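Since the structure comes first, as structure tokens, the remarks are kept for the end.
Rule-based calculations on the coordinates, nothing more; no lab input. Source: prediction; values computed, not measured. Virtual Cβ from ideal backbone geometry, glycine too; neighbours counted across all protein chains shown.
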Amino acid sequence: MTGSGPRRVVVAGGTGLVGQSLVRSLLDQDAQVTVLTRNPARAELPAAAHAHGWEDLPALLDGADAVINLAGEGIADQRWSLARKAAIRDSRILATRRLVEAMKDCRQPPGALVNASAIGYYGARDRTPVDEAAPQGVGFLPEVCQAWEAEAAAASAIGVRVARIRIGVVLARDGGALPKMALPVRLWLGCKLGSGAQGLSWIHLDDLVAMFLEAARNPAWEGPFNGTAPEPLGNEAFTDLLARRLRRPLLPVPGALTAAAAKLALGEMATALLLQGAYVVPTRAQALGFGYQFPTAVSALEDLL
Ligand SMILES: NC(=O)c1ccc[n+]([C@@H]2O[C@H](COP(=O)([O-])OP(=O)(O)OC[C@H]3O[C@@H](n4cnc5c(N)ncnc54)[C@H](OP(=O)(O)O)[C@@H]3O)[C@@H](O)[C@H]2O)c1
């Protein structure tokens with residue numbers, strides 16, 4: 001552990017895929033970690049982490065070195081009914097607003113707010129690489145991400161440094177997208193989805209956690225950052241690497257058929273999350289010298305599968 005990491009950190013939504021790994025890394029660095037959760041009694045966290053409800057926030061946040069905000073209803077957990085879309089949006093916006101409002105009541109506001117966002121900000125794009133300078137896309141996810149980021153950015157008015165991490169598809173051994181993508185391939189049923197050309201901008205969980213730690217620690221991290229690896233791939237190229245790693249063939253199913261099946265099974269969510277994409281590159285993190293442990297999809301898949 002470096003002596004320069006944040007000492008006292010509050011992690012909102014720290015019980016999920018990213019949060020659990022982040023909390024372990026913070027504890028490894030001897031940070032004092034409080035996790036904000038809706039259910040402190042049921043939170044599965046290392047004993048050294050302190051689970052706390054969403055009450056008494058000003059006292060909890062007062063004088064913290066960093067607040068890391070990951071809270072939000074799962075984007076891909078259920079079909080997108082109108083109610084589900086409202087929950088996806090409101091959970092992020094209201095949780096972030098609550099944190100920032102509480103910061104305003106602190107005697108000593110936190111040093112930094114590192115807020116999750118998503119590459120959904122950019123919407124559907126062609127193969128041209130997209131970096132942080134690109135404008136917001138069009139549709140539900142771009143609107144959610146824009147509003148979520150705006151809530152976080154409001155903390156800068158009270159002198160809090162705000163970094164917004166536009167997270168790509170997080171690849172992890174257990175949980176997240178990879179086990180779901182690997183399953184049909186393992187079952188000899190793997191194939192590209194839709195045209196296969198849509199961008200799949202991914203990041204290894206360990207690299208994402210390192211990015212959040214760096215953003216919490218390093219005052220140069222301010223504004224938007226793409227939380228992706230430097231090698232985004234198309235859906236077909238990624239699926240092909242997955243199949244090679246698992247030593248399985250891919251089925252030559254026509255793209256129109258897989259697209260229709262995905263839409264039938266998942267509705268609007270299929271188009272936004274699977275059939276469209278963007279080739280998102282981490283220009284700002286790399287400009288600040290951030291180094292990746294798993295810069296290529298081959299290295300990430302070798303580690304995880
Ligand atoms: N994983 C990815 O591939 C990916 C990609 C892009 C962006 N992101 C974003 O990064 C963040 C962390 O991702 P993750 O994969 O770790 O998510 P996750 O596993 O779903 O965890 C998110 C946490 O948010 C909390 N939460 C859920 N609904 C909430 C609500 N209504 N109000 C307050 N808190 C709520 C939950 O904690 P409690 O139940 O303990 O309250 C949950 O553990 C998310 O906001 C996600 O959208 C993730």
- Task: Tell me which residues, restricted to region 239-259, are out of contact with any Pro (no Cβ under 8 Å at 6 or more places or on another chain), among the hydrophobic types (A, V, I, L, M, F, W, C) and not in a loop (DSSP other than H, G, I, E, B).
- Result: Leu241, Leu242, Ala256, Leu257, Ala259
- Does Ala124 fit the bill of being out of contact with any Phe, Trp or Tyr (no Cβ under 9 Å at 6 or more places or on another chain), in contact (Cβ under 8 Å) with a residue 12 or more places away in the chain and within 14 Å of the ligand (Cβ to nearest atom)? no
- Enumeration of residues in region 108-130 that are more than 17 Å from the chain's Cα centre (by Cα) and closer than 21 Å to Ala216 by Cβ: Gln108, Pro109, Pro110, Gly111, Ala112
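One line per residue, one yes/no per condition, for (1) farther than 27 Å from Met181 by Cβ; (2) of a type in the set (Val, Ile, Thr):
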position	(1), (2)
Ala48	yes, no
Gly53	yes, no
Leu60	yes, no
Asp65	yes, no
Gly74	no, no
Lys85	no, no
Ile93	yes, yes
Ala102	yes, no
Cys106	yes, no
- Can you tell me which residue among Ala71, Ala95 is of a type in the set (A, V, I, L, M), crowded, with 20+ Cβ neighbours inside 10 Å, within 15 Å of the ligand (Cβ to nearest atom) and part of a loop (DSSP other than H, G, I, E, B)? Ala71
- Task: Starting from region 221-235, keep only residues that are at negative phi, then list their pairs with residues that are among the polar types (S, T, N, Q) and surrounded by fewer than 18 Cβ atoms within 10 Å (Cβ to Cβ) whose Cβ atoms are within a distance under 6 Å, requiring at least 6 positions of separation or different chains.
- Result: Glu231/Thr296
- Note on the structure: Filtering region 215-249 for residues that are among the hydrophobic types (A, V, I, L, M, F, W, C) and crowded, with 19+ Cβ neighbours inside 10 Å leaves a count of 9
- Message: When you check Arg248 against the structure, is it more than 24 Å from Ser21 (Cα to Cα), of a type in the set (Lys, Arg) and either touching a residue at least 24 places away in the same chain (Cβ under 8 Å) or within 16 Å of the ligand (Cβ to nearest atom) (or both), yes or no?
- Response: yes
- Among the residues of region 130-151, is any under 22 Å from Val209 (Cα atoms) and more than 16 Å from the ligand (Cβ to nearest atom)? yes
- Query: Can you find a residue in region 43-55 that is more than 15 Å from the ligand (Cβ to nearest atom) and surrounded by fewer than 23 Cβ atoms within 10 Å (Cβ to Cβ)?
  - Reply: yes
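Let's see how each residue does on (1) surrounded by fewer than 20 Cβ atoms within 10 Å (Cβ to Cβ); (2) under 21 Å from Gly53 (Cα atoms):
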| residue | (1), (2) |
| --- | --- |
| Leu99 | no, yes |
| Met103 | no, yes |
| Ser117 | no, no |
| Arg127 | yes, no |
| Gln136 | yes, no |
| Leu141 | no, no |
| Val144 | no, no |
| Ala157 | yes, no |
| Arg161 | no, no |
- Message: Among the residues that make up region 32-39, is at least one of them farther than 19 Å from Arg92 by Cα, part of a helix (DSSP H, G or I) and free of Cβ contacts under 8 Å to residues at least 40 places away in the same chain?
- Response: no
- Message: Suppose the filter is in contact with a strand residue (DSSP E or B) (Cβ under 8 Å, 6 or more places away or on another chain) and assigned to a helix (DSSP H, G or I); does Ala262 pass it?
- Response: no
- Gly196 passes all but one of (1) surrounded by 15 or more Cβ atoms within 10 Å (Cβ to Cβ); (2) under 26 Å from Gly16 (Cβ atoms); (3) more than 16 Å from the chain's Cα centre (by Cα); which number fails? (2)
- Message: I'm checking my understanding of the structure. Among residues of region 1-41 that are among the basic types (Lys, Arg) and within 16 Å of the ligand (Cβ to nearest atom), which one is nearest to the chain's Cα centre (by Cα)?
- Response: Arg24
- Message: Suppose we filter Ala64, Ala48, Ala76 for residues that are in a loop (DSSP other than H, G, I, E, B) and over 20 Å from Gly16 (Cα atoms); which single one remains?
- Response: Ala64
